[in-house]
Structure formats: structure tokens, C-alpha cells
Amino acid sequence: MNRKWIGFSAILVGMSASAIMQTLVATSMPAITRDLGGMELYTWVFSAYMLASTITIPLFARLADIFGRRILYTSGMIVFLLGSALIGGASSMGGLVACRALQGIGAGAVAPAGLASIGDLFDENKRGKMFGVIGAVQVLANLIGPPLGGWVTDTYSWRMGFYLVLPLGLIALALASFGLHGKTQVSAASLRLDWFGAAVIGLGLSAGLVGFQFFGAENITSGAIALLVSVALLAFAAHWENRQPDPVIPMPMLNVPAMWKPVLGTLLLGLATNSAVAYFPLYLQNIFNETATQTGFALLPILLTAGIASGAGGTLATRYPHQTQTWAWLLVTAGFSLLTIFHTQNILLMAAFIGAGLGLLLPVYLHLAQQTGGEKHLATASGLIQMARNMGGAMGIPLLGAWLAFGEANINSFIAIFASLAVVGVLGLSLGFTLKKS
């Protein structure tokens, strides 16, 4: 096996470990709360990871462009594994939340460095295909996580589940040490970094994520204040970064339509994906009285078609990026629109439409962003896509949850959710048409 495939294997194994961990946590949480208590911190087990992994992406992506992918990927993986090991030994829910934040910091380095490494290892004609393979493997990891977490928790303990991820991470570390690109020389000029701008961006993203959490808890006033603070901080950050010689996010690059449109499209993609996975099972349980096991199987059409489509989308992203995203958003829009109209018939077929559309999109947006960022900003471009995906996912669940708060989880509330997601599909489709012309 040559260095290229060793490096690619490191990325696959590392990102699979992260994906398995996320679904494993969700499955293990009932047992964790029974053991440690702290039910009031339940949502923060997920939010701490999302917050830490999102706000650190811009800084770590820029550092990966300066120092090379290998050192950022391996350092991030070490921090991620340290967090996993500490979670396994946590004695309180507060400690577990802190360790999840540590995991998130590690993931904030692993994601942009890993995705940028695809640009180092493969030329433009093959990158899309590799992104598709990564997407398909991550979907497979998401399928493995819940049953694995349930089995390990029932057979041994919830702590053992976190320790099981450690061997995967160690394998990824070993492979990355040999297969990923590093930099032997770093000029003094390139070491200059806008730390103040990085801090303001991090605070702005934090305020936005916390604001959406407040909306999810039906604390509208606090949520609105946090979002206003977020907008103000990010607007100031954009103004500041535009005047810095060594910005964390190069604003001239972000101002190009071929960059900000894929970033915005990925935000919509994250919103639609997380909302579908969160509310589709709840819809089946509340309206059709299906069991948790039945709804778990009902998610398979979304996850399986997303995995298959991601693999196909990787190949199509290189040859027909604009046509692929157009058809993808058409599938998403059609799936949610049909659920809105025929909400009791052929549900699994509509779910398959949605999964196929969502699976096609990420390889396309990653390919377009890296193409625009160029060799100099591969990690920064990849980081922007990952950050947008996280932000969209954090936005969708609390915002659409407002329909359930108003309608008490009846059929009309779910119709409103699916209709809202169909509108998201239309927005993505419209964005796709304008991207094709830019």
C-alpha cells in the first residue's frame, strides 16, 4: 500500500471513530443518566461537543494550512482520544460534559485537516470520488453506532463503549503519521496569525449556537439576544478580518460566489439532515405509535440511500457538480413535499428520496469549495464547509421544534415541519441555479 492510500485510510478510520462515537453517545445516554444523574445537563452532553467542535474549526483549519495537515490531524486525534478515555472514567455528569467538550476540540482539528488531506493526496479529478467514499463510510459508521452502543451497554457497561473507540483512533494515528502530508519548513511570515480575529469568530459562533439552544428550550428572549450578539460579533469579525494581512478566514476568498454559495448550501444541508434524522422517528412514534425499534429501522431508507448516493455523488461531483446539486435538491424538495401532502402513505419511499438527495450534496459542496480555495487554502475551505454543516444542524432542530411546541406534537405540527423542510429544499434549489451561473 503506497503513502496515498495509507493517508486515505487514516482519514477514513479517524472519521469513522468520530461518527461511531456520536451515535454511541445517543444510545448510551439513558444508562449514563441512571448511573451519574444530572438529567438537567442531558442536552449539554451533545451541545458541548457541537459547540467546541464548531468554534475551533476556523482556527484549526488555518493552522492546518500553515503547519500542514499531519500535525493538526494527529494532535486533534490525540485530544479526541483523551476526551474519550476520560469520559469512560467520568464520575459526574458535569465532568462528562467537560470531557465531551474536550472531544469536540479534537474533532475541530481532525475534520478540516482530514478533508484538506484529500486535496493533498488526490488531484481534482479524483477528489469528489474520495469525498463520496468518506460520506458512505460515515453513514455506515452511523448505522453501526446505535446497535453497538446498545449491545455494549447492555452486555458490559456504558463506559466500555467509550473505550472501544480508542483502538480505532490509535490505528488512525499510526496511519496518519506515515500517510499524511506535513511541512518540513514554516516561514516566519506564515506564523503570523490573527488571534484576536479567531477569538471574535469563536465568540460569535458560540453565541449563535447557545442562542439556538435557548430557542430549543423555549426561552425566546434569551435566544433572540444571543443571536443578536452573534450577528454583531460575526459582522465585526468580517470587518476586522478584511483588514488583516494574515486573517483566520481570508475574506476575499469567502466573498467569491463560488465559495460562499457552497458554504450557504451546506448550511441548508446540515439543517435538513439533522432535522430529518431528529423528527422523522418522532413523527412515526407519535402519529403511528411505532416502537423505538421500529422507528430505528424506519431510518434505514434515509441512511442507506444517503450512503449509496454519497458514493455516487463523489463521482458526479467532479464531472457534473452543478447538475448533481440541482437533482439532489429536487429529490429533497420532492421527498418533504410528498410527506406534507401524503403524510400517511409510502412514507419509506419518500424517506429514500430525502436520503438520496442529502447524500449527493456534501461531496459536491466540498469539491467546489476546495476548487475555489486552491492549494493555499485547502484546509480553510474544507473547514468552512464543515463549520456550515455543524451550524445548520444546530439551527434546524430547535427552530423547527417550535411547531411541536405550538401544536403539541399532533399531525398538523409534523406537516408544518415537513413543509418547512420542503421550503429549505426550494432555497437550496434556487441557490444551485444561481451557483451554476456564477
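In segment 35-79, how many residues are surrounded by fewer than 21 Cβ atoms within 10 Å (Cβ to Cβ), under 17 Å from residue 11 (Cα atoms) and of a type in the set (Ser, Thr, Tyr)?
1
Looking at 122, 162, can you tell me which residue is in contact with a Ser or Thr (Cβ under 6 Å, 6 or more places away or on another chain) and not small (Gly, Ala, Ser)?
Working: 122 fails: in contact with a Ser or Thr (Cβ under 6 Å, 6 or more places away or on another chain).
Exactly one residue qualifies, and that residue is 162.
Results for (1) buried (at least 24 other Cβ atoms within 10 Å of the Cβ); (2) hydroxyl-bearing (Ser, Thr, Tyr), shown as yes or no for each residue.
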site	(1), (2)
93	no, no
111	yes, no
144	no, no
154	no, no
157	no, yes
167	no, no
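Counting only residues that are aromatic (Phe, Trp, Tyr) and in a helix (DSSP H, G or I), which one in segment 317-352 is nearest to the chain's Cα centre (by Cα)? Explain how you work it out, then say what you get.
The initial filter retains those residues of segment 317-352 that are aromatic (Phe, Trp, Tyr), namely 320, 327, 329, 336, 342.
Next cut, in a helix (DSSP H, G or I) only: 327, 329, 336.
Values: 327: 22, 329: 18, 336: 21 Å.
Filtering segment 317-352 for residues that are aromatic (Phe, Trp, Tyr) and in a helix (DSSP H, G or I), the one nearest to the chain's Cα centre (by Cα) comes out as 329.
From the list 107, 64, 116, 85, which one is at pLDDT 90 or above, of a type in the set (A, V, I, L, M, F, W, C), in a helix (DSSP H, G or I) and within 18 Å of residue 384 (Cβ to Cβ)?
Result: 107 is the single residue among 107, 64, 116, 85 that is at pLDDT 90 or above, of a type in the set (A, V, I, L, M, F, W, C), in a helix (DSSP H, G or I) and within 18 Å of residue 384 (Cβ to Cβ).
Take residues that are more than 20 Å from residue 147 (Cβ to Cβ) and not β-branched (Val, Ile, Thr) and tell me which of the helices (runs of 4 or more DSSP H) falling wholly in segment 218-316 contain 1 or more. Write out each step before concluding.
Working: elements: 220-241, 251-254, 257-288, 292-298.
Output list reads 220-241, 251-254, 257-288.
Within segment 354-381, can you find the residues that are in a helix (DSSP H, G or I), surrounded by fewer than 23 Cβ atoms within 10 Å (Cβ to Cβ) and either out of contact with any Asp or Glu (no Cβ under 8 Å at 6 or more places or on another chain) or of a type in the set (Ser, Thr, Tyr) (or both)?
Residues satisfying the conditions are 372, 375.
Within the bounds of segment 29-43, is there any residue that is part of a helix (DSSP H, G or I), under 15 Å from residue 110 (Cβ atoms) and at pLDDT 80 or above?
As a first pass, look at segment 29-43 and keep what is part of a helix (DSSP H, G or I): 29-36, 39-43.
Next, from what is left, pick out any that are under 15 Å from residue 110 (Cβ atoms): none.
Scanning segment 29-43, I find no residue that is part of a helix (DSSP H, G or I), under 15 Å from residue 110 (Cβ atoms) and at pLDDT 80 or above, so the answer is no.
Give the residue, chosen from 148, 115, 121, that is in the same structural domain as residue 23 (by TED's automatic domain parsing) and over 22 Å from the mean Cα position of the chain (by Cα).
Details: 148 fails: over 22 Å from the mean Cα position of the chain (by Cα); 115 fails: over 22 Å from the mean Cα position of the chain (by Cα).
Checking each option against the conditions leaves just 121.
The values are calculated or read from the model by the stated rules, or taken from the named source; none is laboratory data. A quick note: this is a predicted structure, and the numbers were derived from the prediction, not measured. Every residue, glycine among them, receives a Cβ derived from its backbone with ideal geometry; neighbour counts consider all protein chains shown.
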